[in-house]
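Colleague: There's a structure below that I have some questions on.
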Amino acid sequence: MWWRARESASFLPWLRVYDTGNTTRASDGTLKAASPVVKLYADGSFETNNESEGCTVTRMKAGEYLIEGCMGMNSDAAWGGIDGGFDIPKDRNGQALIWLDYEVNADGSVLVKTFHREYPSAPIFARNSREGFVDGEPADIPADQFVSVRVEMPQNSIWNQRAAMAEVSD
């Protein structure tokens, strides 16, 4: 949505309005302009926004989550460029809590892989050492966190169908 104000006899430039329909809350609590986004949680539960409705997530095993119903990644400079499309949890020092890798399958589904991440040269309080975990081994997303994944939706997605119906009724 866009708006503009009038000042005396002239109009000010158009301004874009950001809301829950065109932003997502990143794992650190900040707002990020984005859609469609799927949020992944440790147990395989997930949240979609309006534009990613229809995507599903299956936790395959520790540290592996399969997102289906999409056509790969939708990334831009704000999300890390061509190899971006992810927002991962960080600690209070801005260090990533996990390593992340992914594969886009031929059917467009995305396999997200997460791994435990440590910082052995950091002060003890900032090392992200967790009992029972080894740096670089597969590990689930931390229980109190989530990973945001920006996906590309197919032409026949629920969002695109609704948008097409709205255009026809205009």
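The values are calculated or read from the model by the stated rules, or taken from the named source; none is laboratory data. From a predicted model like this one, the values you see are computed outputs, not experimental measurements. Please note: Cβ atoms are built from the backbone with ideal geometry, for glycine as well, and neighbour counts cover all protein chains shown.
Colleague: Suppose the filter is assigned to a loop (DSSP other than H, G, I, E, B), under 24 Å from Gly69 (Cα atoms) and either over 22 Å from the mean Cα position of the chain (by Cα) or among the polar types (S, T, N, Q) (or both); does Gln155 pass it?
Modeller: When the stated conditions are applied, Gln155 passes them.
Colleague: Given (1) surrounded by 14 or more Cβ atoms within 10 Å (Cβ to Cβ); (2) in contact with a strand residue (DSSP E or B) (Cβ under 9 Å, 6 or more places away or on another chain), identify the lone condition not met by Asp91.
Modeller: (2)
Colleague: Looking at (1) within 16 Å of Leu40 (Cα to Cα); (2) modelled with pLDDT of 95 or more; (3) in a loop (DSSP other than H, G, I, E, B), which is the only condition Ala143 fails?
Modeller: Here Ala143 clears every test but (2).
Colleague: What are the residues in segment 56-81 that are outside any strand (DSSP E or B), touching a strand residue (DSSP E or B) at 6+ places or on another chain (Cβ under 9 Å) and closer than 23 Å to Asp28 by Cβ, if any?
Modeller: Gly63, Asn74, Ser75, Asp76, Ala78, Trp79, Gly80
Colleague: Select from segment 94-115 the residues that are over 15 Å from Lys39 (Cβ atoms) and among the aliphatic types (A, V, I, L, M) and write down the one among them that is surrounded by the most Cβ atoms within 10 Å (Cβ to Cβ).
Modeller: Leu97
Colleague: Continuing with the same structure: Quick check on segment 72-85. Is at least one of its residues hydroxyl-bearing (Ser, Thr, Tyr) and either within 26 Å of Asp140 (Cβ to Cβ) or modelled with pLDDT of 95 or more (or both)?
Modeller: yes
Colleague: Given the condition touching a Ser or Thr at 6+ places or on another chain (Cβ under 9 Å) and on the phi < 0 side of the Ramachandran plot, answer yes or no: does some residue in segment 123-130 qualify?
Modeller: Looking through segment 123-130, at least one residue is touching a Ser or Thr at 6+ places or on another chain (Cβ under 9 Å) and on the phi < 0 side of the Ramachandran plot.
Colleague: Within segment 130-170, which residues are surrounded by fewer than 16 Cβ atoms within 10 Å (Cβ to Cβ), small (Gly, Ala, Ser) and farther than 29 Å from His116 by Cβ?
Modeller: Ala163, Ala164, Ala166, Ser169, listed by residue number.
Colleague: Output the residue which, of all residues in segment 60-88 that are touching a residue at least 12 places away in the same chain (Cβ under 8 Å) and of a type in the set (Val, Ile, Thr), is surrounded by the most Cβ atoms within 10 Å (Cβ to Cβ).
Modeller: Ile67
Colleague: Scanning segment 130-140 for residues that are modelled with pLDDT of 95 or more and of a type in the set (Gly, Ala, Ser), which turns out farthest from Ile88 (Cα to Cα)?
Modeller: Looking at the filtered set, the residue picked out is Gly136.
Colleague: Same structure again: Condition check: at pLDDT 95 or above, more than 14 Å from the chain's Cα centre (by Cα) and assigned to a loop (DSSP other than H, G, I, E, B). Does Glu103 satisfy that?
Modeller: Answer is no for this residue.
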